[in-house]
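Encoded as structure tokens, the structure appears first; notes follow it.
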Protein chains: 2
Amino acid sequence: MSPEEFRRHGHAAIDWIADYWASLDDLPVRAQVAPGDVRRRLPASAPEQAEPFDALLADLDRVVVPGLTHWQHPRFFAYFPANSSPAAILGDLLSSGIGAQGMIWATSPAVTEVEQVVLDWFAEALGLPDGFRSDSAGGGVIQDTASTATFTALLSALHRASGGVARVDGVGSEQWRVYGSTQAHSSLVKAAMMAGLGARAVRTVAVDPTTQAIDVAALRGAVVEDVESGLRPVMVHLAAGSTSTGAMDDVAAVAEAVREWDVWLHVDAAWAGVAAVCPEHRDFLAGVESADSFVTNPHKWLLTTFDCSTFWVRDRAALTGALSILPEYLRNAATESGEVVDYRDWHPQLGRRFRAIKLWAVLRTYGLEGLRAHIRSGIALAEHVAALVASDDRFEMVTEPSLSLVVFRLRAGDEQTLAAMEAVNASGEAYLSHTTVEGRAAIRLAVGSWRTTEADVDRTWRALQEAAAAEA
Amino acid sequence: MSPEEFRRHGHAAIDWIADYWASLDDLPVRAQVAPGDVRRRLPASAPEQAEPFDALLADLDRVVVPGLTHWQHPRFFAYFPANSSPAAILGDLLSSGIGAQGMIWATSPAVTEVEQVVLDWFAEALGLPDGFRSDSAGGGVIQDTASTATFTALLSALHRASGGVARVDGVGSEQWRVYGSTQAHSSLVKAAMMAGLGARAVRTVAVDPTTQAIDVAALRGAVVEDVESGLRPVMVHLAAGSTSTGAMDDVAAVAEAVREWDVWLHVDAAWAGVAAVCPEHRDFLAGVESADSFVTNPHKWLLTTFDCSTFWVRDRAALTGALSILPEYLRNAATESGEVVDYRDWHPQLGRRFRAIKLWAVLRTYGLEGLRAHIRSGIALAEHVAALVASDDRFEMVTEPSLSLVVFRLRAGDEQTLAAMEAVNASGEAYLSHTTVEGRAAIRLAVGSWRTTEADVDRTWRALQEAAAAEA
């Protein structure tokens with residue numbers, strides 16, 4: 001592909017995206033295919049000869065689009081949003097064009113330094129403590145996902161708790177314990193499995209039945225009991241916005257409750273954390289200055305194309321202690337001077353792309369005021385949904401709305417709740433996901449796309465009402 | 001940013017990339033900045049108000065480009081190439097625009113099925129055994145990096161060797177052993193550290209001093225010794241193209257040597273594996289049908305924008321056994337039917353973008369014949385370099401050229417070798433990296449960019465000759 005062809009096809013690709021977005025409102029949100037449908041429309045082997053790039057664009061329309069669930073659709077309310085905004089997309093495109101590798105500072109200094117600056121900017125914008133800034137003993141880094149952040153937090157915790165022994169001798173037969181509530185993200189168990197502790201190392205702590213937040217007294221009781229039994233508490237995982245209902249564990253209270261043990265506190269605010277760009281929506285992070293690590297995902301609600309999970313630690317030495325390696329071919333004067341950070345030692349991977357550009361693009365193109373407006377709009381729409389739920393006797397709220405997440409159900413029962421949701425999803429009109437709360441089925445409606453308007457919410461609500469009527 | 005603004009700025013971003021590429025030949029390959037230079041040119045805080053997107057493009061020129069080492073430069077010969085080709089960039093751009101999440105089949109079926117098809121295509125193109133295909137008990141998946149592939153291979157190996165105990169109870173006090181040569185990639189030790197085994201679990205096996213390939217008899221001896229001592233061999237890591245010199249471990253011989261123990265064989269062909277698109281460059285993979293897992297990175301030599309590390313296993317149940325989790329909100333009929341694959345259980349992360357589009361775009365836009373021509377061109381240029389080395393008595397080859405990697409040194413000694421390399425790197429004329437082989441310093445010259453011509457190689461060689469003359 002010549003430079004001129006790249007310009008031509010590049011403009012066509014940009015236009016394809018703009019056209020795709022313009023078509024979203026008329027497309028069913030959920031994919032309308034059965035297993036194997038997409039595969040059957042593709043050839044069995046790669047082509048021997050080059051094909052025109054236009055053929056790929058045509059196959060996107062013919063094969064791919066019908067097989068997509070449209071996460072960028074204005075009526076996508078399932079899971080959490082995965083906003084891919086114009087500014088972030090173009091930022092990431094520029095990263096692809098530059099094609100630099102930032103595994104260490106020396107391999108492309110701007111990759112590391114822009115990331116440090118942007119993470120400092122973002123920490124300040126969220127009101128995070130100075131101890132997470134790059135000019136402190138801590139610092140921030142972009143991870144691919146919050147799962148990886150939780151995993152690296154656990155490795156850091158093990159490094160610290162073992163006095164550096166784990167990286168050499170492994171986790172051994174020590175009975176390490178990791179704590180999280182029943183509502184902690186599944187990546188906590190996965191992290192324990194991957195770190196060699198096994199799922200059994202995760203002690204699941206009860207939640208308050210109303211708030212779904214971790215029961216702090218129960219947590220403390222569990223730690224005391226474990227310590228008395230000779231087990232070694234190593235990390236507490238706090239959900240600042242659980243996946244199921246957006247429940248907020250009380251960071252300050254937990255920090256106080258486990259203060260006498262040297263336990264790593266990891267605050268997982270994957271979805272909710274970005275709301276802290278609004279000073280009035282920052283209360284749920286009270287106590288975060290006691291946390292050892294914190295993660296939030298701009299790639300969910302904050303308009304930044306996946307992947308972009310911003311992760312901070314207060315003691316970067318624990319992180320790099322757990323993960324550092326130094327092969328000969330990466331030895332260099334800058335690293336040996338100690339003046340630079342080598343991000344290779346901040347995550348499991350070695351190679352890393354210039355992910356900071358997309359977050360830089362988002363912060364600049366929307367400005368903090370623009371981002372606050374986006375967050376406030378999502379929260380306002382969620383409050384609107386909650387009012388709609390309250391206005392219809394067939395429905396009831398399951399938990400208080402949490403930021404832009406609303407969890408509700410049909411009073412008629414679990415079966416009717418799930419059937420109504422499935423009817424809406426199957427219609428393609430909107431897309432919702434489910435959960436269980438205190439053993440009962442519930443519908444989750446997570447607002448957050450920059451395309452979603454009140455009309456989209458109302459249209460979704462009408463579809464739910466029709467489905468509820470059919471279930472009555 | 002409105003749709004019309006997205007089109008306008010999108011076209012501008014495409015043009016910025018094309019202009020950047022056109023400027024590369026005149027730019028110094030290595031960044032010309034000192035620690036902190038980039039950071040000092042950026043504001044201390046994020047802007048409150050929105051800025052025009054053009055301001056970001058201007059800062060790329062003003063702040064970023066001087067701080068980059070240009071991995072896309074035609075005279076970038078350091079490490080391994082990280083080719084970001086036009087077709088791949090546009091494929092990945094389309095993925096950003098679609099913005100779908102493929103953590104499970106149900107969240108966007110096309111993300112999973114296109115990936116399965118493209119991995120089957122690519123396995124066939126590389127001549128990999130049918131046991132890696134998605135219609136077998138195995139299958140392929142795109143990982144972010146080969147480091148992650150090695151880590152997931154190790155987790156799979158532990159799952160199998162422990163009979164599924166490790167995921168629940170952890171690695172415990174069992175004395176697991178992992179084997180790799182002295183030339184194995186550093187990610188092997190990192191994987192052992194992350195998996196809870198510790199660096200000490202990795203037994204480093206000697207290599208043949210000439211080929212730098214693993215000494216198979218020494219490997220077998222090590223395994224026998226360990227088993228007799230009550231240790232548990234769990235995985236052998238084979239370098240099919242080592243980072244240092246491109247050394248090729250003998251997969252068939254190793255498979256035969258450790259056949260009597262149920263040891264997981266992981267073939268790490270991160271850089272070299274893609275050369276197997278050429279039937280005449282496939283010999284080094286002889287025996288790969290005995291491997292349990294195999295990885296190669298299209299994001300290195302094969303024109304596919306980072307990240308794209310293609311990983312196959314023969315027994316996907318071992319992989320998903322090690323990594324599966326199933327929270328309530330991801331339960332769905334398709335998963336329960338068993339008819340689909342949920343890639344969430346194939347890697348550490350939960351979220352995943354539509355990475356298959358970029359590899360699909362590369363396979364189609366260049367065609368297998370185009371990709372073979374690209375590989376052959378890199379190998380021919382490396383042979384040209386080797387001839388130049390042979391033609392100048394001041395230089396000598398350190399190892400035989402391996403595909404497109406040439407390793408050589410100045411006969412004058414280590415200091416002169418490193419000084420000559422540094423002189424070339426500092427001049428900006430070209431960029432090379434170093435290694436040590438049998439205790440002596442050597443220069444690595446890895447060809448592989450689609451922009452590199454014979455003239456670029458010759459110009460680099462002249463710079464090296466001048467530097468050698470200055471060292472004489």
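The values are calculated or read from the model by the stated rules, or taken from the named source; none is laboratory data. It should be emphasised that the depicted structure is a prediction, and the values quoted were computed from it without experimental measurement. We place every Cβ from the backbone using ideal geometry, glycine too, and count neighbours over all the protein chains shown.
Just name the residue that is farthest from B:T296 (Cα to Cα) out of those in the range B:99-125 that are part of a helix (DSSP H, G or I) and small (G, A, S).
Result: B:A106.
Is it fair to say A:A322 is more than 17 Å from the chain's Cα centre (by Cα), at the interface with chain B (Cβ under 8 Å from one of its Cβ atoms), assigned to a helix (DSSP H, G or I) and crowded, with 21+ Cβ neighbours inside 10 Å?
Taking the combined requirement at face value, the residue satisfies it.
Restricting attention to the range A:374-385, which residues are in contact with a Phe, Trp or Tyr (Cβ under 8 Å, 6 or more places away or on another chain) and either at the interface with another protein chain (Cβ under 10 Å from one of its Cβ atoms) or among the aliphatic types (A, V, I, L, M) (or both)?
A:I375, A:V385 - these are the residues of the range A:374-385 that are in contact with a Phe, Trp or Tyr (Cβ under 8 Å, 6 or more places away or on another chain) and either at the interface with another protein chain (Cβ under 10 Å from one of its Cβ atoms) or among the aliphatic types (A, V, I, L, M) (or both).
Inspect the range A:198-210 for any residue being touching a residue at least 60 places away in the same chain (Cβ under 8 Å), of a type in the set (S, T, N, Q) and more than 14 Å from chain B (Cβ to nearest Cβ) and give the result as yes or no.
Yes, the range A:198-210 contains a residue that is touching a residue at least 60 places away in the same chain (Cβ under 8 Å), of a type in the set (S, T, N, Q) and more than 14 Å from chain B (Cβ to nearest Cβ).
Here is a yes/no grid of residues against (1) over 23 Å from B:E5 (Cβ atoms); (2) crowded, with 17+ Cβ neighbours inside 10 Å; (3) in contact with a Ser or Thr (Cβ under 6 Å, 6 or more places away or on another chain); (4) acidic (D, E):
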site	(1), (2), (3), (4)
A:E4	yes, no, no, yes
A:R8	no, no, no, no
A:A13	no, yes, no, no
A:W16	no, yes, no, no
A:S23	no, no, no, no
A:V29	yes, yes, no, no
A:P43	yes, no, no, no
A:P47	yes, yes, no, no
A:P52	yes, no, no, no
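Check B:I104, B:I89 and return the single one that is aliphatic (A, V, I, L, M) and in the same structural domain as B:C308 (by TED's automatic domain parsing).
B:I104
Kindly indicate which of A:G246, A:G273, A:G221, A:G287 is over 30 Å from B:G164 (Cβ atoms), under 22 Å from the mean Cα position of the chain (by Cα) and either surrounded by fewer than 24 Cβ atoms within 10 Å (Cβ to Cβ) or not assigned by TED's automatic domain parsing to the domain that holds A:L119 (or both).
A:G287
Working only within the range A:93-134, note down all residues that are closer than 14 Å to B:P43 by Cα and facing another protein chain (nearest Cβ under 9 Å).
Of everything in the range A:93-134, those that are closer than 14 Å to B:P43 by Cα and facing another protein chain (nearest Cβ under 9 Å) turn out to be A:E113, A:V114, A:Q116, A:V117, A:V118, A:D120, A:W121, A:F122, A:E124, A:A125.
Which one of these is surrounded by 17 or more Cβ atoms within 10 Å (Cβ to Cβ), assigned to a helix (DSSP H, G or I), assigned by TED's automatic domain parsing to the domain that holds B:H237 and hydroxyl-bearing (S, T, Y): B:T335, B:T417?
B:T335
Mind checking which pairs have a first residue in the range B:42-69 that is in contact (Cβ under 8 Å) with a residue 24 or more places away in the chain and more than 7 Å from chain A (Cβ to nearest Cβ) and a second that is among the β-branched types (V, I, T) and in a loop (DSSP other than H, G, I, E, B), Cβ under 7 Å, 6 or more apart or different chains?
B:P66/B:V33
Of everything in the range A:22-41, what is without any contact (Cβ under 8 Å) to a residue 60 or more places away in the chain and of a type outside the set (V, I, T)? Give them in sequence order.
A:A22, A:S23, A:D25, A:D26, A:A31, A:A34, A:P35, A:G36, A:D37, A:R39, A:R40, A:R41
What are the residues in the range A:35-82 that are among the acidic types (D, E) and closer than 18 Å to B:A87 by Cα, if any?
Within the range A:35-82, A:E48, A:E51, A:D54, A:D59, A:D61 meet the criteria.
Give the number of residues within the range A:437-457 that are surrounded by fewer than 18 Cβ atoms within 10 Å (Cβ to Cβ) and in contact (Cβ under 8 Å) with a residue 12 or more places away in the chain.
5
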